[in-house]
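The values are calculated or read from the model by the stated rules, or taken from the named source; none is laboratory data. Keep in mind it's a predicted model, so treat the numbers as computed, not measured. No Cβ is skipped: glycine too gets one built from the backbone with ideal geometry, and neighbour counts run over all protein chains shown.
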Amino acid sequence: MKVEQGKLIKIDYELAVDGGDVIESSEKSGPIEYEHGVGKMLPGFESAIDGLEVDDERDGVIPAKEAFGLEEDLPTRDIPRDEFPEGEVEKDKMFEAKGADGNPVTFKVVAFDDEKVTVRFLHALAGKDIRFSVKILNVREKGAPPPIPGS
């Protein structure tokens, strides 16, 4: 059975910044299973493994645009000017604040006037190519029972 949209895929994998650190790996967390083609994985990763079968392996590089996106493609938001420290707003300046979940969020000033500041929220991996290594462990129809271990 081939990897294609709507199938449940179980993989061993590693994702790393091209030429840099490992971002995520099944080596420590174990294999993952996901529904292919529904946007749960990086678009470039899904297209790179389309058509593979059980026991197939593939290594490659996902271009930034098909991984975490390019900075200019990330969304912007207007924030009232009075929420920023006096005199500290300038184009391309970076700020960090706490997000709704309490984790830090980084954003960059893209424009401002007396009333509002337009910022772009940045993903730490935006603009970076991502290297991947994957082995297909199982492919099954959605709703089909998982294979019995050892069979």
Residue hits (segment 17-45; more than 25 Å from Lys2 (Cβ to Cβ) and outside any helix (DSSP H, G or I)) are Val17, Asp18, Gly19, Gly20, Asp21, Val22, Ile23
For this session: Would you check if Pro63 is in contact with a Gly (Cβ under 8 Å, 6 or more places away or on another chain), in the same structural domain as Glu14 (by the TED database) and either under 30 Å from Thr118 (Cβ atoms) or not hydrophobic (A, V, I, L, M, F, W, C) (or both)?
Result: yes
Expected single match for touching a helix residue (DSSP H, G or I) at 6+ places or on another chain (Cβ under 6 Å) and over 30 Å from Asp56 (Cα atoms) among Val117, Val89, Val110 is Val117
Of those in segment 77-104 that are surrounded by 15 or more Cβ atoms within 10 Å (Cβ to Cβ) and assigned to a strand (DSSP E or B), the residue modelled with the lowest pLDDT is Phe95
Note: among Asp50, Asp18, Asp101, Asp92, just one is under 30 Å from Pro147 (Cα atoms) and charged (D, E, K, R), namely Asp50
Checked Lys108, Lys128 against criteria (outside any strand (DSSP E or B) and of a type outside the set (S, T, N, Q)); the one match is Lys128
If we ask which residues in segment 32-46 are surrounded by fewer than 14 Cβ atoms within 10 Å (Cβ to Cβ) and touching a strand residue (DSSP E or B) at 6+ places or on another chain (Cβ under 9 Å), their number turns out to be 2
In segment 10-30, anything touching a Phe, Trp or Tyr at 6+ places or on another chain (Cβ under 6 Å) and of a type in the set (A, V, I, L, M, F, W, C) is listed as Leu15
When Asp59 is run through (1) loosely packed, with under 14 Cβ neighbours inside 10 Å; (2) farther than 16 Å from Phe132 by Cα, the failure sits at (2)
Next on the checklist: When you check Asp114 against the structure, is it exposed (fewer than 13 other Cβ atoms within 10 Å of the Cβ) and at pLDDT below 95, yes or no?
Outcome noted: yes
